[in-house]
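Peer 1: Pasting a structure here, questions to come.
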Amino acid sequence: MQIQFLDLKAQYETIKEEIKEVLTETIESGQYIMGPNVKAFEKEIASYLGVKHAIAVANGTDALVLALDALGIGPGDEVITSPYTFFASAECISRVGAKPVFADIDPNTFNINNEDIERKITKRTKAIIPVHIFGQAADMDKIIALAEEYGLHVIEDACQAIGAELNGRKAGTIGKVACFSFFPTKNLGCYGDGGLMVTNDDELADKIRLLRVHGSSKKYFHEVIGYNSRLDEVQAAVLRVKLKYIDAWNESRRQKAKLYSELLKDAPVQTPAMKDEKSHVYHLYTILAPNREELRKYLEQKAIPTGVYYPLPLHLQEVYKNLGYSKGDLPVAEETCEKNLSLPLYPELPEEHIKYVADAVVEFYKRGGVL
Ligand SMILES: *Cc1c(COP(=O)(O)O)cnc(C)c1O
């Protein structure tokens, strides 16, 4: 049994013929940038999410940077986000010259903690970036209420959460603007880099469209300093094929996650908390495991690949020394970084593999939780 953490080729095998067809078509069309596939993909994904505007960009990080830029956030401003996420969620804030401020997370969902958001709001705060971590939607109702009370923008980092739902609404359609990533390993991934921003705000959508092509709406006439951040036709063509399967793939992830949680229920690990059935799309299946490093080595000896997302919270990163945080400031995020372990999960993962992995975890603790 060769267990993989994520097997992108297994997914390709299931859609190979369709992909080959659209790739050939796109390459033979001679149109590679801002052509019919990008246009159609934007329309299709806007309709899938239930949002007015979808604007494709080069990657998820750019989507976050453009969102902040389009909202006029920059030097002197503060933006509150989670310390337990991929670096880009905070990097975008620094990139536009604003200051990232970190609020601690909830120990069960790993999403940002609303009470701590409120404690961190100052006169300089301009926005909140909740991250729907590992595919589970953050507590958006409370975050929106806070944002309204204090006059802040909400930018959803939905890079890991395409398809997740909150009371019938899709994650990424609740804040002012949301950002998605189509990095190959994401639930909806292309064969390179890709990203998207969505909003219901017409004016903001126009600004973002302007920013993505050098601040220009008429070719060679420039209104603002922009970016070159576009999705390629080839990636858009791939994404149009894959978008048709995203709900089935997410459902498969949920089923497999459920099986893991059942098999692990007697082990002394914390399995993922799910607010409700549809709120989670399991970009990752992440447990909290005592003695994580030894468990990881034990699994490695059994040829079981695992991942640590993430080993160091953002407030303790070298690059953010100047922000003045020290160890102990955000204790939940810090402890989560010491204990988290992600187990293999992807829509095509065979059930025997899940059983083998779960058995090994159970076995490790039965023998005392040591190597
Ligand atoms: C992947 C990811 C990003 C960045 O997306 P890229 O397309 O890799 O630039 C941002 N935030 C989160 C939470 C992510 O998981």
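No value in this document is a laboratory result; all are computed from the given coordinates. What you are looking at is a predicted structure, and each value in this text was computed from that prediction instead of being measured. Note that we place each Cβ from the backbone using ideal geometry, even for glycine, and neighbour counts take in every protein chain shown.
Peer 1: In a GNM of the chain with a 10 Å cut-off on Cα contacts, which of 37, 111, 291 has the highest mean-square fluctuation?
Peer 2: 291
Peer 1: Given 52/170; 126/176; 99/142; 297/327, which pairs have Cα atoms separated by over 19 Å?
Peer 2: 99/142; 297/327
Peer 1: Now for a different question. Quick check for me: using +1 on Lys/Arg Cβ and -1 on Asp/Glu Cβ, what's the dipole size of the chain about its Cα centre, in debye to the nearest 20?
Peer 2: With only Lys, Arg, Asp and Glu charged at Cβ, the dipole is about 280 debye.
Peer 1: Still on this structure, please answer the following. Report, in order of residue number, the helices in the chain meeting two criteria: a C-alpha extent of 27 Å or more along the helix axis, and a mean Kyte-Doolittle hydropathy of at least -1.0; treat each whole DSSP H run as one helix.
Peer 2: Length and hydropathy pass: 8-29.
Peer 1: What are the extents of the Cα atoms of the chain along their three principal axes, in Å, largest first?
Peer 2: Projected onto the principal axes, the Cα atoms of the chain cover 69, 54, 37 Å.
Peer 1: For the chain, what is the relative contact order in percent, using Cα pairs closer than 8 Å and at least 6 residues apart in sequence? Present the calculation step by step, with values, prior to reporting the outcome.
Peer 2: Details: 751 pairs, mean separation 78.8, N = 371.
Dividing the mean separation by the residue count of the chain yields 21 percent.
Peer 1: Given +1 on the Cβ of Lys and Arg, -1 on the Cβ of Asp and Glu, and no further charges, what dipole in debye does the range 21-72 carry about its Cα centre, rounded to the nearest 20?
Peer 2: 240
Peer 1: On a C-alpha basis, how far is the centre of the range 11-53 from the centre of the range 242-275 in Å? Whole number, if you could?
Peer 2: Taking the Cα centre of each part, the range 11-53 and the range 242-275 sit 28 Å apart.
Peer 1: Something else now. Once you've got the GNM for the chain with C-alpha springs shorter than 10 Å, pick whichever of 41, 87, 182 has the biggest mean-square fluctuation.
Peer 2: 87
Peer 1: Still on this structure: Give the residue list of trypsin sites (Lys or Arg not before Pro) in the range 303-357 that are DSSP loop and have at most 14 other beta-carbon atoms within 10 angstrom. Before the final figure, lay out the partial values.
Peer 2: Working: sites: 321, 327, 339, 355; in loops: 327.
Those that pass, being in a loop and sparsely packed, are 327.
Peer 1: Right, here's the next one. Could you order the peptides 11-19, 214-222, 89-97, 257-265 from most to least packed, using the average number of other C-beta atoms within 10 Å per residue?
Peer 2: Going by the mean number of other Cβ atoms within 10 Å, highest first, we get 89-97, 257-265, 11-19, 214-222.
Peer 1: So if I take the centroid of the Cα atoms in the range 174-192 and the same for the range 146-164, what is the distance between those two points in Å?
Peer 2: 15
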